[in-house]
Amino acid sequence: MASSIFDMRLSGGHPALELVNTLDSRRGRWGPDFLRSFDDVLAFVERLQLIDARGLASLRERAAVDPGKAEDALARLIELREAIYSLFLAEDTDTPYPHRALSTVAEIARVGRARQTLIKANQNFVWTFPFNDPADIVHLFALSATDLLTSRSDRRRVRECKGDNCGWLFLDRSKGGRRRWCSEASCGVHSRVKRFRAHDDDR
Ligand SMILES: [Zn+2]
């Protein structure tokens, strides 16, 4: 079982959903939470390869100079994470969108957009952040979430894994759109073993 940001599985299929899954369990039990410090946040974005080495170094330096700002960014990121979770859970359960969660995500994304600059990287133009403020990580994830909300022209759904002690979210890329588990190897197998045992008890 994963115990930290370094060994958690990345099976959400999208950065915004990987963020949601940094709270290990939302069904059966709650937690553990893998985002316990701003260092965890940096390790996480490094694993996801969302920020280049220069940006990471700059953020690390800023966090060392102003730990209060890093703490604030961690708290805001967790607030954003829970808002993203409730938005996509509403999608999976076909319940009305939680307005407060939507405005939290939209507001952070709006501030983030204003901080972005357009640069040329290799052959392409990309929008990027200055990464001179720990809050830019929060902005980055908010924009990632709004991308996911607005860009699924193929109607791919976000689903909640129904495994015991799971509740992770994932982008369902399966052909029939009926994927049930965040990971076939963990929650899928686990559930089959449990069903088999229950069947055994009946005899
Ligand atoms: Zn699962």
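The values are calculated or read from the model by the stated rules, or taken from the named source; none is laboratory data. Predicted model, so just to flag it, every value in this text is computed and none were measured. Note: ideal-geometry Cβ built from the backbone for every residue, glycine included; neighbour counts use all protein chains shown. What goes into the accessible areas is simple: the full protein's heavy atoms, side chains included, and nothing from ligands, DNA or RNA. Shrake-Rupley method; radii C 1.70, N 1.55, O 1.52, S 1.80 Å.
A few comments on the model shown:
- A single entry from LEU59, LEU77 fulfils the requirement of being under 23 Å from CYS182 (Cα atoms), touching a residue at least 12 places away in the same chain (Cβ under 8 Å) and of a type in the set (A, V, I, L, M, F, W, C): LEU77.
- Extreme residue, nearest to the ligand (Cβ to nearest atom), among residues of segment 136-169 that are at pLDDT below 90 and polar (S, T, N, Q): ASN165
- Residue tally, condition surrounded by fewer than 20 Cβ atoms within 10 Å (Cβ to Cβ) and of a type in the set (D, E, K, R), over segment 1-23: 2
- Some residue of segment 58-76 being out of contact with any helix residue (DSSP H, G or I) (no Cβ under 8 Å at 6 or more places or on another chain), of a type outside the set (Gly, Ala, Ser) and at pLDDT below 95: no
- ASP200 being open to solvent by less than 80 Å² (accessible area, probe 1.4 Å), modelled with pLDDT under 85, away from the ligand (no atom under 15 Å from the Cβ) and assigned to a helix (DSSP H, G or I): yes
- Checked against the criteria, LEU118 counts as free of Cβ contacts under 8 Å to residues at least 40 places away in the same chain and more than 19 Å from the chain's Cα centre (by Cα).
- The set of residues in segment 61-110 that are among the aromatic types (Phe, Trp, Tyr) and under 17 Å from ASP33 (Cα atoms) contains only TYR85.
- Single residue of PHE141, PHE131 found to be aromatic (Phe, Trp, Tyr), over 19 Å from the mean Cα position of the chain (by Cα) and open to solvent by less than 20 Å² (accessible area, probe 1.4 Å): PHE131
- The set of residues from segment 82-115 being of a type in the set (D, E, K, R) and within 17 Å of the chain's Cα centre (by Cα) comprises GLU82, GLU91, ASP92.
- Whichever residue in segment 173-191 is more than 13 Å from the ligand (Cβ to nearest atom) and not polar (S, T, N, Q) and, among such residues, is nearest to ALA16 (Cα to Cα): ARG173
- Out of PHE88, PHE38, sole residue that is open to solvent by less than 20 Å² (accessible area, probe 1.4 Å) and under 21 Å from PHE6 (Cα atoms): PHE38
- Listed here are the helices (runs of 4 or more DSSP H) enclosed by segment 1-106 that have at least 2 residues being within 16 Å of the ligand (Cβ to nearest atom): 15-20, 67-93.
- Verdict on ASN124 being open to solvent by 20 Å² or more (accessible area, probe 1.4 Å) and closer than 30 Å to VAL193 by Cα: no
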